[in-house]
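Right, one structure below, let's go through it.
The values are calculated or read from the model by the stated rules, or taken from the named source; none is laboratory data. Predicted, not measured: the structure shown is a model, and the values here were computed from it. When we count neighbours, we look across all protein chains shown, and the Cβ atoms used for this are built from the backbone with ideal geometry, even at glycine.
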Amino acid sequence: MAASGVRVFEEYESNVRSYSRVFPTVFARARNATIWDEAGKAYTDFFSGAGTLNYGHNPPEIRAQLVAYLESEGIIHALDAYTVEKRRFLDTFVEGVLRPRKLDFKVQFCGPTGANGVEAALKLARRVTGRTGVIAFGGSYHGMSMGSGSVTGSTSVRRNLGVPTVGVSFVPYESGPQGPFDSVGYLERVLADSSSGVDAPAAIIVEPVQLDGGIYVGSPAFMQGLRAVCDRYGALLICDEIQAGVGRAGHFFSFEASGVVPDLVTVSKSIGGYGLPMSLVLMRREHDHWKPGEHTGTFRGNQLAFVAATAALEYWTRPAFTNGLADGTRYLRDVFAPAARALHPDIEVRGAGMVAGVDLTRVGGNEAARRAASRCFEKGLIIECCGRDDSVMKLMPPLTTPPEQLAEGCRILLDAIRAGLPGQG
Ligand code: PMP
(Lines give C-alpha, C1' and ligand atoms only; values in the text may rest on other atoms or scores of the structure.)
Protein backbone atom coordinates (compact mmCIF):
# COMPACT_ATOMS: atom_id res chain seq x y z
CA MET A 1 0.00 0.00 0.00
CA ALA A 2 1.22 3.52 -0.77
CA ALA A 3 2.65 5.72 1.96
CA SER A 4 0.26 8.52 2.89
CA GLY A 5 2.05 11.25 4.83
CA VAL A 6 1.26 11.12 8.52
CA ARG A 7 -2.36 9.93 8.31
CA VAL A 8 -1.74 6.37 9.48
CA PHE A 9 0.08 7.61 12.57
CA GLU A 10 -2.60 10.10 13.47
CA GLU A 11 -5.36 7.57 12.94
CA TYR A 12 -3.80 4.43 14.41
CA GLU A 13 -0.84 5.31 16.62
CA SER A 14 -1.73 5.93 20.24
CA ASN A 15 -2.03 9.46 21.54
CA VAL A 16 1.01 8.66 23.68
CA ARG A 17 3.32 9.46 20.75
CA SER A 18 5.30 12.57 21.56
CA TYR A 19 8.45 13.40 19.56
CA SER A 20 6.45 13.03 16.35
CA ARG A 21 4.50 16.10 17.47
CA VAL A 22 7.69 18.13 17.96
CA PHE A 23 9.32 16.95 14.71
CA PRO A 24 6.30 16.68 12.40
CA THR A 25 7.75 14.91 9.39
CA VAL A 26 8.47 11.33 8.33
CA PHE A 27 12.16 10.52 8.64
CA ALA A 28 13.77 8.19 6.17
CA ARG A 29 17.54 7.99 6.49
CA ALA A 30 20.46 9.46 8.35
CA ARG A 31 24.22 9.79 8.36
CA ASN A 32 26.27 11.08 11.28
CA ALA A 33 24.69 14.41 12.32
CA THR A 34 22.28 14.67 9.38
CA ILE A 35 18.78 13.20 9.04
CA TRP A 36 16.70 13.32 5.89
CA ASP A 37 12.94 13.10 5.79
CA GLU A 38 11.10 11.21 3.07
CA ALA A 39 10.77 14.38 0.98
CA GLY A 40 14.57 14.66 0.98
CA LYS A 41 14.83 17.66 3.34
CA ALA A 42 18.03 17.51 5.41
CA TYR A 43 18.13 18.34 9.12
CA THR A 44 21.09 18.74 11.43
CA ASP A 45 20.49 16.59 14.48
CA PHE A 46 21.03 18.40 17.81
CA PHE A 47 18.91 15.79 19.58
CA SER A 48 20.87 12.54 19.08
CA GLY A 49 17.98 10.25 19.92
CA ALA A 50 17.79 11.78 23.42
CA GLY A 51 21.40 10.82 24.02
CA THR A 52 21.45 7.47 22.21
CA LEU A 53 23.41 8.50 19.13
CA ASN A 54 26.61 9.90 20.63
CA TYR A 55 28.54 8.29 17.74
CA GLY A 56 26.13 9.73 15.16
CA HIS A 57 23.71 7.96 12.84
CA ASN A 58 24.91 4.88 10.97
CA PRO A 59 28.64 5.21 11.74
CA PRO A 60 30.26 3.25 8.87
CA GLU A 61 32.87 1.43 11.02
CA ILE A 62 30.12 0.00 13.23
CA ARG A 63 27.76 -0.68 10.35
CA ALA A 64 30.40 -2.78 8.59
CA GLN A 65 30.71 -5.01 11.64
CA LEU A 66 26.95 -5.35 12.01
CA VAL A 67 26.53 -6.29 8.36
CA ALA A 68 29.36 -8.83 8.56
CA TYR A 69 27.82 -10.32 11.69
CA LEU A 70 24.39 -10.64 10.04
CA GLU A 71 25.99 -12.22 6.96
CA SER A 72 27.82 -14.73 9.16
CA GLU A 73 24.58 -16.04 10.70
CA GLY A 74 25.87 -15.00 14.10
CA ILE A 75 23.40 -15.74 16.86
CA ILE A 76 20.92 -12.88 17.33
CA HIS A 77 18.96 -13.82 20.41
CA ALA A 78 20.27 -15.85 23.32
CA LEU A 79 18.67 -14.38 26.47
CA ASP A 80 21.61 -14.26 28.87
CA ALA A 81 23.45 -17.34 27.61
CA TYR A 82 27.20 -17.03 27.05
CA THR A 83 27.95 -15.89 23.51
CA VAL A 84 31.07 -14.97 21.60
CA GLU A 85 29.89 -11.38 21.12
CA LYS A 86 28.94 -10.88 24.74
CA ARG A 87 32.42 -12.08 25.73
CA ARG A 88 34.03 -9.67 23.25
CA PHE A 89 31.97 -6.82 24.65
CA LEU A 90 32.79 -7.66 28.28
CA ASP A 91 36.51 -8.08 27.53
CA THR A 92 36.59 -4.76 25.67
CA PHE A 93 34.55 -2.93 28.30
CA VAL A 94 36.69 -4.24 31.16
CA GLU A 95 40.02 -3.57 29.41
CA GLY A 96 39.06 -0.31 27.68
CA VAL A 97 36.76 1.40 30.17
CA LEU A 98 36.83 -0.13 33.66
CA ARG A 99 40.46 -1.11 34.19
CA PRO A 100 42.05 2.19 33.05
CA ARG A 101 39.73 3.94 35.53
CA LYS A 102 40.53 1.41 38.28
CA LEU A 103 36.84 0.53 38.59
CA ASP A 104 36.36 -3.00 39.90
CA PHE A 105 32.74 -3.32 38.78
CA LYS A 106 30.72 -6.36 37.82
CA VAL A 107 28.24 -5.93 34.99
CA GLN A 108 24.54 -6.83 34.99
CA PHE A 109 22.75 -6.97 31.64
CA CYS A 110 19.19 -5.74 32.09
CA GLY A 111 16.12 -5.60 29.90
CA PRO A 112 16.64 -3.15 27.05
CA THR A 113 15.48 0.13 28.60
CA GLY A 114 17.25 2.55 30.86
CA ALA A 115 14.26 2.33 33.18
CA ASN A 116 14.84 -1.40 33.60
CA GLY A 117 18.41 -0.73 34.71
CA VAL A 118 17.15 1.78 37.27
CA GLU A 119 14.63 -0.81 38.52
CA ALA A 120 17.45 -3.32 38.96
CA ALA A 121 19.71 -0.82 40.75
CA LEU A 122 16.96 0.15 43.21
CA LYS A 123 16.08 -3.47 43.91
CA LEU A 124 19.72 -4.35 44.45
CA ALA A 125 20.38 -1.39 46.78
CA ARG A 126 17.38 -2.38 48.89
CA ARG A 127 18.55 -5.98 48.92
CA VAL A 128 22.14 -5.12 49.91
CA THR A 129 21.19 -2.74 52.72
CA GLY A 130 17.98 -4.37 53.93
CA ARG A 131 16.39 -0.90 53.90
CA THR A 132 13.55 0.45 51.78
CA GLY A 133 14.01 4.23 51.67
CA VAL A 134 15.67 5.99 48.76
CA ILE A 135 16.75 9.60 48.43
CA ALA A 136 16.31 11.20 45.03
CA PHE A 137 16.58 14.76 43.74
CA GLY A 138 14.24 17.43 42.53
CA GLY A 139 14.51 17.81 38.76
CA SER A 140 15.63 14.20 38.32
CA TYR A 141 14.54 11.92 35.48
CA HIS A 142 15.07 8.18 35.83
CA GLY A 143 12.32 6.64 33.70
CA MET A 144 8.61 5.91 33.64
CA SER A 145 8.28 2.40 35.04
CA MET A 146 7.04 1.94 38.59
CA GLY A 147 10.37 2.11 40.44
CA SER A 148 12.18 4.49 38.09
CA GLY A 149 9.13 6.78 37.98
CA SER A 150 8.97 6.77 41.78
CA VAL A 151 12.42 8.39 41.97
CA THR A 152 11.67 10.91 39.21
CA GLY A 153 10.98 14.46 40.35
CA SER A 154 8.16 15.39 37.97
CA THR A 155 4.75 15.30 39.62
CA SER A 156 3.04 14.21 36.41
CA VAL A 157 5.43 11.26 35.91
CA ARG A 158 4.69 10.01 39.43
CA ARG A 159 0.96 10.73 39.21
CA ASN A 160 0.72 8.84 35.93
CA LEU A 161 1.99 5.69 37.65
CA GLY A 162 -1.54 5.51 39.06
CA VAL A 163 -0.61 4.31 42.54
CA PRO A 164 1.01 6.11 45.47
CA THR A 165 4.79 5.95 45.44
CA VAL A 166 6.32 5.23 48.81
CA GLY A 167 9.77 5.10 50.33
CA VAL A 168 11.31 7.98 48.38
CA SER A 169 12.40 11.31 49.89
CA PHE A 170 13.22 14.11 47.47
CA VAL A 171 15.89 16.70 48.16
CA PRO A 172 16.53 19.77 45.99
CA TYR A 173 19.49 19.29 43.61
CA GLU A 174 22.53 21.46 44.19
CA SER A 175 21.33 23.89 41.53
CA GLY A 176 18.00 24.41 39.86
CA PRO A 177 15.48 27.00 38.76
CA GLN A 178 15.08 28.19 42.36
CA GLY A 179 18.81 28.84 42.72
CA PRO A 180 21.54 27.04 44.65
CA PHE A 181 20.83 24.66 47.54
CA ASP A 182 23.12 23.02 50.09
CA SER A 183 21.83 19.49 49.39
CA VAL A 184 24.68 17.78 51.20
CA GLY A 185 24.34 20.03 54.27
CA TYR A 186 20.61 19.30 54.34
CA LEU A 187 21.19 15.55 54.11
CA GLU A 188 23.84 15.63 56.83
CA ARG A 189 21.47 17.48 59.07
CA VAL A 190 18.40 15.27 58.62
CA LEU A 191 20.31 12.01 58.73
CA ALA A 192 22.13 13.02 61.94
CA ASP A 193 18.79 13.66 63.65
CA SER A 194 16.87 10.51 64.56
CA SER A 195 13.70 12.59 64.84
CA SER A 196 14.06 14.42 61.50
CA GLY A 197 11.55 12.15 59.80
CA VAL A 198 14.12 11.02 57.21
CA ASP A 199 15.71 7.64 57.97
CA ALA A 200 19.03 6.36 56.68
CA PRO A 201 18.21 5.23 53.14
CA ALA A 202 19.13 2.19 51.07
CA ALA A 203 20.49 4.52 48.41
CA ILE A 204 20.93 8.01 47.10
CA ILE A 205 20.22 8.05 43.37
CA VAL A 206 21.69 10.96 41.44
CA GLU A 207 22.40 12.15 37.93
CA PRO A 208 25.87 13.76 38.20
CA VAL A 209 24.61 15.98 35.38
CA GLN A 210 20.84 16.49 35.22
CA LEU A 211 19.84 16.76 31.59
CA ASP A 212 16.07 16.36 31.27
CA GLY A 213 15.71 18.51 34.42
CA GLY A 214 17.16 21.51 32.58
CA ILE A 215 20.95 20.94 32.25
CA TYR A 216 22.25 21.32 35.79
CA VAL A 217 25.83 20.17 36.40
CA GLY A 218 26.57 18.76 39.86
CA SER A 219 29.85 20.14 41.26
CA PRO A 220 32.68 17.85 42.40
CA ALA A 221 32.03 19.03 46.00
CA PHE A 222 28.35 17.99 45.70
CA MET A 223 29.24 14.53 44.39
CA GLN A 224 32.01 14.05 46.99
CA GLY A 225 29.59 15.18 49.71
CA LEU A 226 27.01 12.60 48.58
CA ARG A 227 29.72 9.92 48.63
CA ALA A 228 30.67 10.91 52.20
CA VAL A 229 27.02 10.87 53.34
CA CYS A 230 26.53 7.41 51.83
CA ASP A 231 29.69 6.15 53.54
CA ARG A 232 28.68 7.58 56.90
CA TYR A 233 25.15 6.16 56.82
CA GLY A 234 25.73 2.87 55.05
CA ALA A 235 23.74 3.82 51.93
CA LEU A 236 24.67 3.01 48.34
CA LEU A 237 25.43 5.80 45.90
CA ILE A 238 23.71 5.13 42.57
CA CYS A 239 24.85 7.27 39.64
CA ASP A 240 22.46 7.37 36.71
CA GLU A 241 24.69 7.70 33.64
CA ILE A 242 21.98 6.74 31.18
CA GLN A 243 21.99 10.07 29.35
CA ALA A 244 25.07 11.95 30.59
CA GLY A 245 27.39 8.93 30.28
CA VAL A 246 29.28 7.44 27.34
CA GLY A 247 31.09 10.70 26.67
CA ARG A 248 28.23 13.16 26.56
CA ALA A 249 29.43 15.23 29.54
CA GLY A 250 33.06 15.07 28.39
CA HIS A 251 34.29 11.94 30.22
CA PHE A 252 33.16 8.37 29.58
CA PHE A 253 31.21 8.56 32.87
CA SER A 254 29.90 11.91 34.10
CA PHE A 255 30.85 11.01 37.69
CA GLU A 256 34.54 11.00 36.68
CA ALA A 257 34.71 14.80 36.88
CA SER A 258 34.29 14.52 40.67
CA GLY A 259 36.63 11.59 41.30
CA VAL A 260 34.00 9.67 43.29
CA VAL A 261 33.41 5.96 42.79
CA PRO A 262 29.70 5.09 42.99
CA ASP A 263 28.38 1.79 44.34
CA LEU A 264 26.02 1.21 41.44
CA VAL A 265 25.94 2.83 38.00
CA THR A 266 23.19 2.66 35.39
CA VAL A 267 24.30 2.93 31.75
CA SER A 268 22.13 2.69 28.63
CA LYS A 269 21.33 4.76 25.52
CA SER A 270 24.69 5.33 23.74
CA ILE A 271 26.45 2.28 25.21
CA GLY A 272 24.72 0.28 22.42
CA GLY A 273 26.81 2.26 19.92
CA TYR A 274 24.46 2.32 16.96
CA GLY A 275 21.20 3.16 18.68
CA LEU A 276 20.75 -0.51 19.52
CA PRO A 277 19.21 -1.39 22.87
CA MET A 278 21.46 -2.14 25.83
CA SER A 279 21.04 -1.39 29.52
CA LEU A 280 23.59 -2.13 32.23
CA VAL A 281 23.97 -1.93 35.97
CA LEU A 282 27.59 -1.74 37.05
CA MET A 283 28.09 -2.74 40.67
CA ARG A 284 30.98 -2.80 43.06
CA ARG A 285 31.93 -6.42 43.37
CA GLU A 286 30.85 -6.73 47.01
CA HIS A 287 27.32 -5.58 46.14
CA ASP A 288 26.54 -8.46 43.79
CA HIS A 289 23.95 -10.01 46.09
CA TRP A 290 21.77 -11.29 43.27
CA LYS A 291 20.81 -14.94 43.10
CA PRO A 292 20.50 -16.49 39.63
CA GLY A 293 17.50 -15.24 37.68
CA GLU A 294 16.32 -12.68 40.22
CA HIS A 295 16.10 -9.87 37.67
CA THR A 296 15.39 -11.23 34.20
CA GLY A 297 14.10 -9.90 30.88
CA THR A 298 13.71 -11.57 27.48
CA PHE A 299 15.70 -8.93 25.63
CA ARG A 300 18.63 -8.60 28.01
CA GLY A 301 21.23 -9.76 25.53
CA ASN A 302 20.80 -8.17 22.11
CA GLN A 303 23.72 -9.63 20.19
CA LEU A 304 23.69 -6.89 17.53
CA ALA A 305 24.01 -4.39 20.35
CA PHE A 306 27.05 -6.30 21.67
CA VAL A 307 28.66 -6.18 18.21
CA ALA A 308 27.94 -2.46 17.85
CA ALA A 309 28.92 -1.58 21.43
CA THR A 310 32.27 -3.34 21.11
CA ALA A 311 32.97 -1.50 17.85
CA ALA A 312 31.91 1.79 19.45
CA LEU A 313 34.31 1.36 22.38
CA GLU A 314 37.12 1.32 19.79
CA TYR A 315 36.33 5.00 19.12
CA TRP A 316 37.80 5.85 22.52
CA THR A 317 41.23 4.68 21.32
CA ARG A 318 41.14 7.01 18.28
CA PRO A 319 42.51 10.55 18.62
CA ALA A 320 40.15 11.73 15.86
CA PHE A 321 37.22 10.90 18.15
CA THR A 322 38.63 12.06 21.49
CA ASN A 323 40.06 15.27 19.97
CA GLY A 324 36.70 15.90 18.26
CA LEU A 325 34.93 15.57 21.62
CA ALA A 326 37.42 17.98 23.23
CA ASP A 327 37.05 20.46 20.33
CA GLY A 328 33.24 20.26 20.41
CA THR A 329 33.30 20.80 24.19
CA ARG A 330 35.49 23.89 23.77
CA TYR A 331 33.31 25.23 20.95
CA LEU A 332 30.11 24.99 22.99
CA ARG A 333 31.76 26.47 26.09
CA ASP A 334 33.94 29.18 24.55
CA VAL A 335 32.11 30.18 21.37
CA PHE A 336 28.46 29.14 21.54
CA ALA A 337 27.72 29.86 25.24
CA PRO A 338 29.09 33.45 25.19
CA ALA A 339 27.23 34.12 21.91
CA ALA A 340 23.94 32.87 23.43
CA ARG A 341 24.48 34.92 26.61
CA ALA A 342 25.19 38.00 24.48
CA LEU A 343 21.70 37.75 22.96
CA HIS A 344 20.07 38.95 26.19
CA PRO A 345 21.27 39.52 29.77
CA ASP A 346 18.48 37.27 31.11
CA ILE A 347 19.50 34.23 29.06
CA GLU A 348 21.38 31.61 31.07
CA VAL A 349 23.56 28.97 29.44
CA ARG A 350 24.74 25.84 31.26
CA GLY A 351 26.53 22.77 30.08
CA ALA A 352 29.21 20.12 30.31
CA GLY A 353 31.07 18.37 27.52
CA MET A 354 28.95 18.30 24.39
CA VAL A 355 25.62 19.23 25.90
CA ALA A 356 24.42 22.77 26.50
CA GLY A 357 21.18 24.25 27.73
CA VAL A 358 19.94 27.70 26.79
CA ASP A 359 17.53 28.72 29.52
CA LEU A 360 14.81 31.06 28.27
CA THR A 361 12.82 31.06 31.55
CA ARG A 362 13.26 34.82 31.98
CA VAL A 363 12.88 35.73 28.30
CA GLY A 364 9.55 34.24 27.34
CA GLY A 365 9.80 30.80 28.99
CA ASN A 366 8.45 27.68 27.35
CA GLU A 367 6.49 29.61 24.72
CA ALA A 368 9.70 31.26 23.52
CA ALA A 369 11.60 27.96 23.67
CA ARG A 370 8.94 26.09 21.71
CA ARG A 371 8.73 28.83 19.09
CA ALA A 372 12.51 28.83 18.73
CA ALA A 373 12.54 25.02 18.41
CA SER A 374 9.93 25.11 15.64
CA ARG A 375 11.80 27.89 13.87
CA CYS A 376 14.90 25.67 14.05
CA PHE A 377 12.93 22.77 12.61
CA GLU A 378 11.80 24.90 9.65
CA LYS A 379 15.41 25.90 9.05
CA GLY A 380 16.60 22.29 9.20
CA LEU A 381 17.75 21.86 12.82
CA ILE A 382 16.32 19.30 15.20
CA ILE A 383 16.47 20.30 18.85
CA GLU A 384 14.33 19.55 21.89
CA CYS A 385 13.32 21.59 24.91
CA CYS A 386 13.84 20.33 28.44
CA GLY A 387 13.63 21.56 32.00
CA ARG A 388 10.77 21.73 34.46
CA ASP A 389 8.40 23.33 31.95
CA ASP A 390 10.34 23.00 28.70
CA SER A 391 11.92 26.45 28.93
CA VAL A 392 15.46 25.22 28.25
CA MET A 393 16.69 24.50 24.73
CA LYS A 394 18.85 21.39 24.86
CA LEU A 395 21.74 21.27 22.44
CA MET A 396 22.90 17.68 22.16
CA PRO A 397 24.66 16.97 18.83
CA PRO A 398 26.42 13.67 18.12
CA LEU A 399 29.94 13.76 19.59
CA THR A 400 31.14 13.14 16.02
CA THR A 401 29.48 16.23 14.47
CA PRO A 402 31.88 17.89 11.99
CA PRO A 403 33.00 21.34 13.29
CA GLU A 404 31.44 23.26 10.40
CA GLN A 405 28.10 21.54 10.90
CA LEU A 406 28.25 22.21 14.65
CA ALA A 407 28.90 25.89 13.98
CA GLU A 408 26.11 26.09 11.38
CA GLY A 409 23.60 24.38 13.73
CA CYS A 410 24.55 26.81 16.51
CA ARG A 411 24.05 29.74 14.11
CA ILE A 412 20.53 28.51 13.21
CA LEU A 413 19.73 28.14 16.91
CA LEU A 414 21.04 31.60 17.84
CA ASP A 415 19.07 33.18 14.97
CA ALA A 416 15.91 31.36 16.07
CA ILE A 417 16.27 32.52 19.68
CA ARG A 418 17.11 36.07 18.59
CA ALA A 419 14.02 36.25 16.34
CA GLY A 420 11.79 35.52 19.35
CA LEU A 421 13.29 38.02 21.77
CA PRO A 422 11.19 40.97 22.92
CA GLY A 423 11.33 43.77 20.37
CA GLN A 424 12.26 41.46 17.48
CA GLY A 425 8.67 41.07 16.19
N1 PMP B 1 17.66 7.91 33.32
C2 PMP B 1 18.01 9.00 32.60
C3 PMP B 1 19.02 9.95 33.15
C4 PMP B 1 17.42 9.21 31.35
O5 PMP B 1 17.76 10.31 30.65
C6 PMP B 1 16.48 8.28 30.86
C7 PMP B 1 15.82 8.48 29.49
N8 PMP B 1 15.66 9.78 29.07
C9 PMP B 1 16.17 7.16 31.62
C10 PMP B 1 16.79 7.01 32.85
C11 PMP B 1 15.17 6.14 31.16
O12 PMP B 1 15.63 5.45 30.06
P13 PMP B 1 14.58 4.71 29.08
O14 PMP B 1 13.80 5.79 28.40
O15 PMP B 1 15.43 3.93 28.13
O16 PMP B 1 13.74 3.85 29.94
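Scan the range 33-77 for residues that are among the small types (Gly, Ala, Ser) and surrounded by 13 or more Cβ atoms within 10 Å (Cβ to Cβ) and jot them down.
ALA33, SER48, GLY49, ALA50, GLY51, GLY56, GLY74
Scan the range 219-262 for residues that are assigned to a strand (DSSP E or B) and either more than 19 Å from the chain's Cα centre (by Cα) or among the small types (Gly, Ala, Ser) (or both) and jot them down.
LEU236
Assess whether ASN15 counts as being surrounded by 14 or more Cβ atoms within 10 Å (Cβ to Cβ) and either in contact (Cβ under 8 Å) with a residue 60 or more places away in the chain or not hydrophobic (A, V, I, L, M, F, W, C) (or both).
no
Kindly list the number of the only condition in (1) surrounded by fewer than 24 Cβ atoms within 10 Å (Cβ to Cβ); (2) more than 24 Å from ALA312 (Cβ to Cβ); (3) small (Gly, Ala, Ser) that fails for GLY297.
Exception for GLY297: condition (2).
Right, ALA356: touching a strand residue (DSSP E or B) at 6+ places or on another chain (Cβ under 8 Å), closer than 18 Å to PRO24 by Cβ and not in a loop (DSSP other than H, G, I, E, B) or not?
Answer is no for this residue.
Can you say whether GLY162 is away from the ligand (no atom under 15 Å from the Cβ) and either free of Cβ contacts under 8 Å to residues at least 12 places away in the same chain or buried (at least 16 other Cβ atoms within 10 Å of the Cβ) (or both), as far as the supplied structure shows?
So GLY162 fits the description; yes.
Taking the range 1-40, which residues are more than 28 Å from VAL157 (Cα to Cα) and charged (D, E, K, R)?
ARG7, ARG29, ARG31, ASP37, GLU38
Take the residues in the range 386-412 that are surrounded by fewer than 24 Cβ atoms within 10 Å (Cβ to Cβ) and without any contact (Cβ under 8 Å) to a residue 40 or more places away in the chain, then tell me which one is farthest from LYS269 (Cα to Cα).
For the range 386-412, the residue satisfying everything is ARG411.
Six or more apart or on different chains, Cβ under 9 Å: which pairs go from a residue in the range 327-350 that's in contact (Cβ under 8 Å) with a residue 60 or more places away in the chain and among the β-branched types (Val, Ile, Thr) to one that's in a helix (DSSP H, G or I) and surrounded by fewer than 20 Cβ atoms within 10 Å (Cβ to Cβ)? Could you list them?
Going by the 9 Å Cβ cut-off, the qualifying pairs are VAL335/ALA407; ILE347/ARG341.
When LEU103 is evaluated against the numbered criteria (1) more than 30 Å from VAL190 (Cα to Cα); (2) part of a loop (DSSP other than H, G, I, E, B); (3) within 16 Å of the ligand (Cβ to nearest atom), which criterion, by number, is the only one it fails?
Tallying (1) more than 30 Å from VAL190 (Cα to Cα); (2) part of a loop (DSSP other than H, G, I, E, B); (3) within 16 Å of the ligand (Cβ to nearest atom), LEU103 fails exactly one: (3).
Please give the number of the condition TYR331 fails out of (1) surrounded by 17 or more Cβ atoms within 10 Å (Cβ to Cβ); (2) closer than 30 Å to ASP80 by Cβ.
Of the numbered conditions (1) surrounded by 17 or more Cβ atoms within 10 Å (Cβ to Cβ); (2) closer than 30 Å to ASP80 by Cβ, the odd one out for TYR331 is (2).
Within the range 1-60, which residues are over 30 Å from GLY324 (Cβ atoms) and under 20 Å from the mean Cα position of the chain (by Cα)?
Passing the criteria: ARG17, SER18, SER20.
Looking at GLU71, GLU119, which one is within 16 Å of the ligand (Cβ to nearest atom) and either acidic (Asp, Glu) or at pLDDT below 95 (or both)?
After ruling out the rest, the residue left standing is GLU119.
Within the range 200-251, count every residue that is of a type in the set (S, T, N, Q) and either within 16 Å of the ligand (Cβ to nearest atom) or crowded, with 24+ Cβ neighbours inside 10 Å (or both).
2
GLY176 is checked against (1) within 29 Å of ALA221 (Cβ to Cβ); (2) within 11 Å of the ligand (Cβ to nearest atom) and fails just one. What number does that condition carry?
Among (1) within 29 Å of ALA221 (Cβ to Cβ); (2) within 11 Å of the ligand (Cβ to nearest atom), the lone unmet condition for GLY176 is (2).
Among what's in the range 129-149 and is buried (at least 22 other Cβ atoms within 10 Å of the Cβ) and more than 17 Å from the chain's Cα centre (by Cα), pick the residue that is farthest from the ligand (Cβ to nearest atom).
For the range 129-149, the residue satisfying everything is ILE135.
Please specify each residue of the range 263-303 satisfying the condition of being outside any strand (DSSP E or B) and within 13 Å of the ligand (Cβ to nearest atom).
Matches in the range 263-303: SER268, LYS269, SER270, ILE271, GLY272, GLY275, LEU276, PRO277, MET278, SER279, GLY297, PHE299.
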